Amino acid sequence: MDDKRGKKHVAEIIIEKAQEHGVPIRKDPPLAELLATVPPDTSIPQELYEAVAEILAQIISLDVKK
């Protein structure tokens, strides 16, 4: 299994588990591709701050509604 297929398989499992537990899923392939290039334990590039802030705001909004 090549690296891209491996990543896709892991993503499919994460989505499946999220659906099983009622976790909302936001599909944004371009953002996912960009975030996938950020190495672990490094800061998110400034160019992605706004997009990540929007996602965090959605998460907080969902948490507040509970």
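Read-outs: derived from the displayed coordinates by stated rules, not from any lab. Since we're looking at a predicted model, the values are computed, not measured. In this analysis, Cβ positions are derived from the backbone assuming ideal geometry, glycine residues included, and neighbour counts consider all displayed protein chains.
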Can you grab the distance from the C-alpha centre of segment 6-35 to the C-alpha centre of segment 46-66, Å, no decimals? 16
To the nearest 20 debye, what charge dipole does the chain have about its Cα centre, counting +1 at the Cβ of each Lys and Arg and -1 at the Cβ of each Asp and Glu? 260
Can you list the aspartates and glutamates whose alpha carbon sits under 13 Å from that of Lys7, skipping same-chain ones fewer than 8 residues off? Glu33
Largest first and in whole Å, what are the equivalent-ellipsoid semi-axes of the chain based on the Cα gyration tensor, each being the root of 5 times an eigenvalue? 22, 20, 9
